[in-house]
Structure formats: structure tokens, C-alpha cells
Amino acid sequence: MSETAAAPRTVILTVDDDPGVSRAVARDLRRRYGGDYRIVRAESGESALEVLRELKLRGDLVALLIADHRMPEMNGVQFLERAMEVFPGARSILLTAYADTDAAIDAINIVDLDHYLLKPWDPPEEKFYPVVDNLLDLWLAADHRAVLETRVVGHRWSARSTEVREFLARNQVPYRWYAVDEPEGRRLLVSAGRDPDGTGADVARLPVVIAPDGGVLVEPDDQELADHVGLRTTPADAFYDLVVVGGGPAGLSASVYGASEGLRTVLVERLATGGQAGQSSRIENYLGFPDGVSGAQLTDRARRQAAKFGAETLTAREVAGLETCGSSRLVRFADGSAIGAQSVILATGVEYRRLQAPGIEELTGKGVYYGSSLSEAVGCDGRHIFIVGGANSAGQAAVYLSRFAKSVTILVRAESLTASMSHYLIQQIARIPTITVRTRTQVVQAHGEEHLERLTLQDSSTGETEDVDAHALFVFIGAAPTTDWLAGVVARDARGFVLTGPDLGVGAEPVKGWTLDRQPYLLETNVPGVFAIGDVRSESTKRVASAVGEGAMAVMLVHRYLEKL
Ligand SMILES: Cc1cc2nc3c(=O)[nH]c(=O)nc-3n(C[C@H](O)[C@H](O)[C@H](O)COP(=O)(O)OP(=O)(O)OC[C@H]3O[C@@H](n4cnc5c(N)ncnc54)[C@H](O)[C@@H]3O)c2cc1C
């Protein structure tokens with residue numbers, strides 16, 4: 001018996017066109033290796049290749065291929081040659097008759113055959129098992145970790161490939177990335193039937209996503225992707241006590257408190273839970289984390305906490321409308337469907353403003369990124385990268401990306417960072433020799449054919465321009481709420497932030513729809529039972545702690561509202 005046990009899904013595949021021999025080989029294999037390996041048998045080269053492709057798609061491993069040489073249509077050597085394209089690390093044995101030994105010897109060169117065995121081999125203990133044992137030990141000695149995560153095959157410089165990776169990363173879905181021009185990427189495409197002859201003929205539609213169950217998605221949208229990687233997109237009920245719109249820290253907090261306090265709660269997030277905080281590489285000023293916490297970690301904990309209390313989370317669903325119908329509130333999705341609720345908490349935060357300069361739009365996702373896009377960080381290894389923005393978010397990104405990049409240049413229009421960035425971050429940045437801060441500087445053009453190659457920078461005091469080599473540009477230039485869908489229903493200030501409580505009376509649009517004889521509660525909008533929290537709220541403090549605190553407070557106010565219904 002082989003000395004080391006393999007992963008349970010590791011396969012030994014045997015192919016022989018003679019059903020009797022095929023069964024006998026499988027029986028001998030099962031007897032000795034059935035506890036550690038899955039023994040799979042096929043009766044033709046084509047059907048065996050089909051099985052291998054399925055195994056590949058599912059992320060299973062194949063340790064050993066045993067093929068009879070004399071098979072019609074595709075002989076054993078031809079089969080092994082093609083099988084090795086799918087599982088290049090598998091060890092191989094060719095079963096031959098005495099007359100075929102020349103072919104077997106040739107095969108050692110053609111397909112890097114490990115062994116040929118003359119049939120019959122009785123007793124297997126002497127002639128078969130020692131060979132198989134040896135090959136399995138060799139296979140186990142190499143690194144063959146099972147790939148059970150989602151796999152993405154795409155172009156390095158394609159905007160949709162970037163978005164898909166970002167979506168998976170921010171939703172903390174484990175995935176492995178394969179560039180289409182690498183051999184393993186090509187092998188996966190062939191297995192997925194997207195590039196049947198391995199020439200790249202059918203790869204125009206990328207990325208191709210292979211889910212852990214082997215399902216293949218071609219250029220999926222976010223909702224399709226979410227469905228296939230196990231994120232919920234459809235509500236379980238038609239009516240809830242509380243619908244929370246937006247899954248940043250504010251929404252996650254509302255969801256935790258709502259569900260833990262007995263409200264039937266659903267959270268709706270259009271992209272990925274965590275919101276802006278989810279993009280932060282290290283939040284250092286959140287209470288209780290003296291060593292800082294990454295946005296991804298904080299989000300993961302909050303999401304699990306919400307689920308533990310029974311809150312439902314819908315991902316990749318955008319809310320596009322809010323309607324009132326008596327005491328019910330109707331939250332309408334972008335696809336026209338809707339869910340009803342007794343109360344609604346708006347926690348839709350803000351989004352980064354777009355940088356306006358020639359070339360930026362075309363190169364977005366191809367070297368130009370909004371926010372940290374941390375999944376791109378590794379690709380910055382040893383490169384020159386630039387960050388636009390002078391706030392804490394830009395500073396954190398600079399510190400984080402300096403671990404990978406050769407140089408990081410922060411571009412700010414102001415004369416210094418002091419007015420916009422926390423003191424502790426300015427000090428951290430000053431201690432990192434590979435980070436440079438260029439003040440009074442702006443990007444006036446981005447250049448590149450397939451991806452960003454250069455930037456034109458302008459010194460705003462002298463007007464002089466300079467071209468610099470740039471591998472990536474990360475943009476952090478202030479943010480705005482995306483609340484147009486609330487127009488005519490929920491009152492907002494001139495910049496689109498939602499007015500709540502006392503702010504509704506000061507310089508606001510008239511308080512529409514208010515029918516109650518009490519004043520709106522502190523975080524309540526002009527629509528009774530609809531609350532706004534976190535960054536989307538007018539005059540809010542743009543901090544994780546305040547977003548989380550407002551989530552807890554809003555749930556308390558929801559209870560107060562429901563009691564008086
Ligand atoms: C890189 C970075 C670093 C930061 N670092 C710090 C820090 O160190 N300390 C600190 O205190 N703060 C920090 N901040 C600020 C902090 O992250 C925000 O104040 C906080 O995330 C606000 O939370 P929120 O839930 O109100 O909004 P967001 O975090 O903006 O979340 C809003 C969510 O709502 C979703 N959404 C929007 N519209 C819809 C819709 N129509 N339908 C469904 N979903 C929708 C969005 O996709 C998003 O996920 C940082 C921000 C960034 C970007």
C-alpha cells in the first residue's frame with residue numbers, strides 16, 4: 001500500500017475497451033487502493049477524456065492514469081497524450097501485450113510515460129501493486145492541493161475580468177485566477193468546452209467562471225455569479241419586519257441588531273457586504289482593535305454575526321425604488337420585483353467620484369481602479385503605482401500597496417496632507433521610503449493600449465506637465481451618495497444626502513408624506529418608518545464606528561415606531 005493517504009476525492013482512472021479486463025483492473029485497484037482513492041473506469045479513450053474534463057471542472061485531482069494500448073479509435077498512447085493535457089501531473093501506466101512493447105517504449109518519450117505493464121500481471125501483489133505503489137508515492141510527494149474553490153479564467157487586462165475578481169474577493173468567495181494565456185488557464189477552458197481545440201478559437205467571451213460544483217459561467221453578471229458561488233440573491237419571504245438597504249458597516253450593524261432583537265430582517269446589498277469599509281486594508285481607529293483590523297475581517301465577522309441571529313442577506317441585488325402603501329413600505333429591486341416591510345433602514349453609503357481626465361474612462365479596470373481594489377495589489381509586485389487622493393482611505397491604500405509595489409506615489413492637489421489625512425497615517429507614510437507624496441499635482445491624462453502604461457501629471461502651481469511610467473492608478477477622490485432612486489419620496493439635501501430627524505426642518509425640502517402627530521425620530525426620514533444611517537445620512541460622521549452605532553440606534557427607533565403603529 002502507498003505510504004501516504006491521498007485526499008478523498010483523488011482519482012485513479014483506468015481505461016480499457018475490453019469490459020472484462022476493465023472490470024478486472026478496477027477490481028484489483030479497488031481492493032488495495034479503494035480506501036484512499038476513487039477508482040474510476042472507462043471503456044474508451046473518448047469517454048475517459050470526458051470523465052477527466054468533468055473531474056477537472058469539479059476541481060478533483062487525478063493521481064494515476066492506466067490505459068490499455070490496443071483500443072479502437074484512440075489507442076492508449078494517444079489517450080495518455082490528450083489526458084496529460086488535462087492533468088499534466090498525473091502519473092501514467094500503459095498496459096500492453098508483448099507484441100506492443102516497441103510502442104510502449106516510444107510512448108516513454110512521446111507522453112513521458114512512467115511505466116508499461118505487460119498483461120496479464122497475476123499475481124497483482126508481485127507485478128502490479130509495487131508499480132502502482134511507487135507511482136502513487138511519487139505523485140503524493142509533489143504538491144497537488146485540491147482546487148475546490150471557484151476558478152476564474154480571463155484576460156489580465158479586461159475590465160469585466162477585473163470586476164468579477166473584485167466581486168468574488170469582496171464577497172470573500174475563495175477563488176483562483178488563471179490568465180487565459182497561461183497553460184493551466186487554457187487547459188481549464190478546454191475542459192469547460194470553451195476552447196475545444198486549444199487554439200484560443202472560442203475565448204472571445206471572458207471571463208469564464210467555473211463554480212466549485214463544476215458549473216461553467218461565461219461572462220456572468222453579478223447576480224448569476226452570486227447564485228453560483230453560494231450567495232443568496234432571492235428573498236425567502238415576501239414581507240419582513242425590517243428591510244435594510246446597503247450592506248456596509250451601518251447596514252450590517254442594523255441587520256445584527258434587528259435580527260438579534262427578534263425582527264424578521266433582510267439586508268439587501270447590490271455588490272458586496274462591507275461597503276467602503278470592506279475595501280479598507282486596515283482600520284486602526286475602530287474601538288476594540290488596538291492592532292487594527294482589515295475591512296475584510298470586520299465584514300466577515302459582522303456577516304457571520306448577522307447570519308447567526310437569523311438575518312437574511314441578499315447579495316448582488318440593487319434596490320431601485322421605495323413606495324409606501326398605508327403602513328407598509330415596498331422596497332423595489334432594479335429588476336422590478338419587490339418585497340414588503342413594516343420598516344426600512346437606508347444604509348447606502350457613498351461611492352467614489354470618477355476622475356475626469358482623457359484616457360481614464362477607457363482604462364478603468366485595466367490599470368485604473370476606484371478604491372483599493374485590493375485584489376489587484378499582488379499584480380503590483382515590483383511596479384510603479386500611483387494613488388490620487390489625500391484622505392485616510394488614500395493613505396491606508398498607500399501603506400498597504402507599498403508592501404508589493406516598487407514605488408507608490410500619492411498625488412494630491414492640496415499643498416499638504418495635513419488638512420485631509422489623520423496625523424498617525426501621515427507619520428506612517430513618512431517612515432516608508434518607497435512612498436512619495438507629490439502635492440499640488442493632478443493627473444491630466446492616462447495613456448496605454450491594452451492597459452495603463454503612463455500618466456501625464458501636471459504641477460498646478462507652475463502648469464508644467466510630466467509623463468511618468470505607471471502600472472496602476474488607484475483613485476480615492478471623495479465620494480457622493482447614490483440616492484436618485486429616492487427622489488420624490490425621501491427628502492435629501494442639495495448634495496443628495498438623506499435628511500433625518502431635526503435636519504428635516506432646517507433648509508430641507510418640505511417634509512412630504514409626514515402624517516403622524518409626533519416629530520420624526522432622530523434617524524427617521526420624512527417617511528414614517530423609514531430611517532437613514534451611516535454615510536448616506538446628511539451631516540453624518542464618515543466613520544465606521546458612527547455607522548455601526550447608528551445601526552444599533554436605528555433598530556431601537558424601529559422598535560419604538562412599530563410599538564406605536
Ligand atoms: C479605503 C477606505 C478606508 C477607510 N478607513 C476608515 C478607517 O480607518 N476608519 C474609519 O472610521 N472609517 C474609514 N473609512 C470610512 C468608512 O469605511 C465609512 O465611513 C463606512 O464604511 C460607512 O459605512 P456605511 O455602511 O454608511 O456605508 P458604505 O460603507 O458606503 O456601505 C454602503 C453599502 O450600500 C450598498 N448600496 C448602495 N446603494 C445601494 C442600493 N441602491 N441597493 C443595494 N445596496 C446599495 C453599497 O454597495 C455599499 O456596500 C474608510 C473608507 C474607505 C473607502
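The values are calculated or read from the model by the stated rules, or taken from the named source; none is laboratory data. Note that the coordinates shown come from a computational prediction; the quantities given were computed from them, not determined experimentally. For neighbour counting, all protein chains shown are included, and Cβ atoms are generated from backbone atoms with ideal geometry for every residue, glycine included. These accessible areas exclude ligands, DNA and RNA; they are computed on the full protein's heavy atoms, side chains included. Shrake-Rupley method; radii C 1.70, N 1.55, O 1.52, S 1.80 Å.
So the values come out like this:
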quantity: Residue in the range 491-502 that is under 28 Å from the mean Cα position of the chain (by Cα), among the hydrophobic types (A, V, I, L, M, F, W, C), closer than 30 Å to Leu298 by Cβ and open to solvent by less than 40 Å² (accessible area, probe 1.4 Å) present; calculated: no
quantity: Selection from the range 149-183 of residues that are assigned to a loop (DSSP other than H, G, I, E, B) and crowded, with 22+ Cβ neighbours inside 10 Å; calculated: Asn171
quantity: Evaluation of Pro196 against (1) more than 17 Å from the chain's Cα centre (by Cα); (2) farther than 28 Å from Arg31 by Cβ; (3) surrounded by 14 or more Cβ atoms within 10 Å (Cβ to Cβ) (one fails), failing number; calculated: (3)
quantity: Odd one out for Ala552, checked against (1) open to solvent by 20 Å² or more (accessible area, probe 1.4 Å); (2) over 20 Å from Ser260 (Cα atoms); (3) at pLDDT 95 or above; calculated: (2)
quantity: Looking only at the range 522-540, and only at residues there that are farther than 17 Å from Gly246 by Cα and open to solvent by 20 Å² or more (accessible area, probe 1.4 Å), the one that is nearest to the ligand (Cβ to nearest atom); calculated: Glu539
quantity: Odd one out for Glu50, checked against (1) of a type outside the set (Phe, Trp, Tyr); (2) open to solvent by 10 Å² or more (accessible area, probe 1.4 Å); (3) farther than 21 Å from Pro196 by Cβ; (4) not in a loop (DSSP other than H, G, I, E, B); calculated: (3)
quantity: Failed item, numbered, when Gly505 is tested on (1) of a type in the set (Gly, Ala, Ser); (2) within 14 Å of the ligand (Cβ to nearest atom); (3) over 35 Å from the mean Cα position of the chain (by Cα); calculated: (2)
quantity: Selection within the range 302-335 - within 11 Å of the ligand (Cβ to nearest atom) and open to solvent by 40 Å² or more (accessible area, probe 1.4 Å); calculated: Glu318, Ala320, Arg332, Ala334
quantity: Residue within the range 355-362 that is open to solvent by 20 Å² or more (accessible area, probe 1.4 Å), of a type outside the set (D, E, K, R) and within 10 Å of the ligand (Cβ to nearest atom) present; calculated: no
quantity: Residue match in the range 128-135 (condition: modelled with pLDDT of 85 or more, farther than 30 Å from Val368 by Cβ and touching a Ser or Thr at 6+ places or on another chain (Cβ under 6 Å)); calculated: yes
quantity: Some residue of the range 115-137 being assigned to a strand (DSSP E or B) and of a type in the set (S, T, N, Q); calculated: no
quantity: Selection count, the range 217-253, where residues are among the hydrophobic types (A, V, I, L, M, F, W, C), in a strand (DSSP E or B), more than 22 Å from the chain's Cα centre (by Cα) and more than 16 Å from the ligand (Cβ to nearest atom); calculated: 1
quantity: Pairs where the first residue, in the range 273-301, is open to solvent by 40 Å² or more (accessible area, probe 1.4 Å) and the second is among the polar types (S, T, N, Q) and assigned to a loop (DSSP other than H, G, I, E, B), C-beta under 8 Å, 6+ apart; calculated: Arg282/Ser294; Asn285/Ser422; Ala296/Gln172; Asp300/Gln172
quantity: Residue tally, condition touching a residue at least 24 places away in the same chain (Cβ under 8 Å), more than 6 Å from the ligand (Cβ to nearest atom), in a loop (DSSP other than H, G, I, E, B) and open to solvent by 30 Å² or more (accessible area, probe 1.4 Å), over the range 254-272; calculated: 2
